[in-house]
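Only one structure is covered here, and it is reproduced in the block below.
The values are calculated or read from the model by the stated rules, or taken from the named source; none is laboratory data. All values derive from a computational prediction rather than experimental measurement. Every residue, glycine as well, gets a Cβ built from its backbone with ideal geometry; the counts of neighbours run over all protein chains shown.
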């Protein structure tokens, strides 16, 4: 039995359909992410799981129990808000202990559990400080300790790292994953940051306009997106509409630029996607005969240190190419307007629904 089962859940605000017939499951001890742009319905769905709203249609079950009518404080779920919502008049220890005291937990148990929670988030030396004496990253850790100290079956995190700078955010992503594995409880995180979801989550649900487009492991969503929308939201992708020259059963002969090759494709219209890093810049005239080789002109160069992003034009078709700077100064030998040869393996081309 899954820990959480969301069955055909819909929620509207006036004429706006915020969540539209969503179904998904979250397993015991799983790190699950709801990923999508602002307004896609991910936070609305999370708040319904927490009990801060009820579905108009459908059911939300936790370990098989329908949560309809169960108030937030009676659900084995805890939520860490984006703003952290720490009490400014309480020190770190009392902030973390607040929920346990409200439940009437014995004083000795409170002390032991708060100490354990602060140790898990590496804040054991800050117990007597007030929130205004903490950095943004430290406040985030205190909020996390307060959320896990009650030992919920499911921890909900709403954009938990949005207020942190880039370096601290990357460090905290690793810490969150470590903490989740240590605790063994399920985490559900809401985020618009694809890198954040890809790094932390076991599975991701990509949402758009209230609907779930695809659910899968990070590698599956990246390498095997089902639709144009998922391919463009997860990572970077060249997406184009091919000219279909012929079809035999599930095989289609497609034409792109000056190249013809076969793909496995469903009936009807479809799009093709190709990740920029799958396109190689050739340094020799001859390439592997199994690759599609094209002449191209560099239109733009964006140097990023570890990689160089190229915008190239091949027979009128614009493509993005990501070149690993494995050799020092390799990128410095390229200039806008240079004629180059690029190649890709047809097996790396993704077939996408439109």
Legend entry - Single unsatisfied condition, residue 32 versus (1) without any contact (Cβ under 8 Å) to a residue 40 or more places away in the chain; (2) buried (at least 16 other Cβ atoms within 10 Å of the Cβ): (1)
Legend entry - Residue ranges of strands (runs of 3 or more DSSP E) in the stretch 147-225 with at least 3 members at pLDDT 90 or above and closer than 26 Å to residue 100 by Cα: 154-158, 186-191
Inset, instruction - Look at residue 103 and say whether it is modelled with pLDDT under 90 and either surrounded by fewer than 20 Cβ atoms within 10 Å (Cβ to Cβ) or touching a strand residue (DSSP E or B) at 6+ places or on another chain (Cβ under 8 Å) (or both). - result: yes
Legend entry - Residue that is more than 21 Å from the chain's Cα centre (by Cα) and more than 17 Å from residue 115 (Cβ to Cβ), where the choices are 153, 177: 153
Legend entry - Filtered residue count, the stretch 259-279, keeping only those that are more than 22 Å from residue 234 (Cβ to Cβ) and touching a strand residue (DSSP E or B) at 6+ places or on another chain (Cβ under 7 Å): 4
Inset, instruction - Examine the stretch 68-81 for a residue that is in contact with a helix residue (DSSP H, G or I) (Cβ under 8 Å, 6 or more places away or on another chain), modelled with pLDDT under 95 and farther than 27 Å from residue 2 by Cα, and state whether such a residue exists. - result: no
Inset, instruction - Evaluate the following for residue 273: is it in contact (Cβ under 8 Å) with a residue 12 or more places away in the chain, part of a loop (DSSP other than H, G, I, E, B) and in contact with a helix residue (DSSP H, G or I) (Cβ under 8 Å, 6 or more places away or on another chain)? - result: no
Inset, instruction - Looking only at the stretch 194-209, decide whether some residue is farther than 19 Å from residue 159 by Cα, without any contact (Cβ under 8 Å) to a residue 24 or more places away in the chain and either surrounded by fewer than 23 Cβ atoms within 10 Å (Cβ to Cβ) or out of contact with any strand residue (DSSP E or B) (no Cβ under 7 Å at 6 or more places or on another chain) (or both). - result: no
Inset, instruction - Mind listing just one residue for me: the one in the stretch 248-269 that is at negative phi and without any contact (Cβ under 8 Å) to a residue 12 or more places away in the chain and, of those, nearest to the chain's Cα centre (by Cα)? - result: 267
